[in-house]
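Right, one structure below, let's go through it.
The values are calculated or read from the model by the stated rules, or taken from the named source; none is laboratory data. Please read all numbers here as calculations on a predicted model, not as lab measurements. Note that we place each Cβ from the backbone using ideal geometry, even for glycine, and neighbour counts take in every protein chain shown.
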Amino acid sequence: MTLRFNVFGKRMSVSRIGAQWQLFIDSDTGIRARVYDVVIPPELDDGELAKYLDDIYHELSCERYPRVTQVD
């Protein structure tokens, strides 16, 4: 399962790999770069991911992008 998000203007995706969530930065060309310095707790369900990313990346918030939204 892969979910896509707009994280304050940055396109990111979260994939469930086994029992883990893995976070990626998505590019315009379809290449994904893994984000290793953010660990998403495995017990979170997919409905909690946007809020979690909002909490982690809140310093990127701006008037144009006030919150993290799921884009799928």
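Annotations
- Selection count, the stretch 45-60, where residues are surrounded by 12 or more Cβ atoms within 10 Å (Cβ to Cβ) and modelled with pLDDT of 95 or more: 9
- Check on D46, closer than 17 Å to Q70 by Cα and of a type in the set (D, E, K, R): yes
- First in the stretch 30-54 and closer than 12 Å to V7 by Cβ, second anywhere and β-branched (V, I, T) and in a loop (DSSP other than H, G, I, E, B), Cβ under 6 Å, 6 or more apart: A50/V68; L53/V68; D54/V68
- In the stretch 28-51, the residues that are touching a Leu at 6+ places or on another chain (Cβ under 7 Å), closer than 15 Å to K10 by Cβ and not in a loop (DSSP other than H, G, I, E, B): V35, L49
- Of all residues making up the stretch 23-44, the number that are of a type in the set (F, W, Y) and modelled with pLDDT under 95: 0
- Meets criteria (among the charged types (D, E, K, R), touching a Lys or Arg at 6+ places or on another chain (Cβ under 7 Å) and surrounded by fewer than 10 Cβ atoms within 10 Å (Cβ to Cβ)) for D72: yes
- Listed conditions (1) surrounded by 14 or more Cβ atoms within 10 Å (Cβ to Cβ); (2) of a type in the set (V, I, T); (3) in contact with a Leu (Cβ under 9 Å, 6 or more places away or on another chain) are all met by I25, apart from (3).
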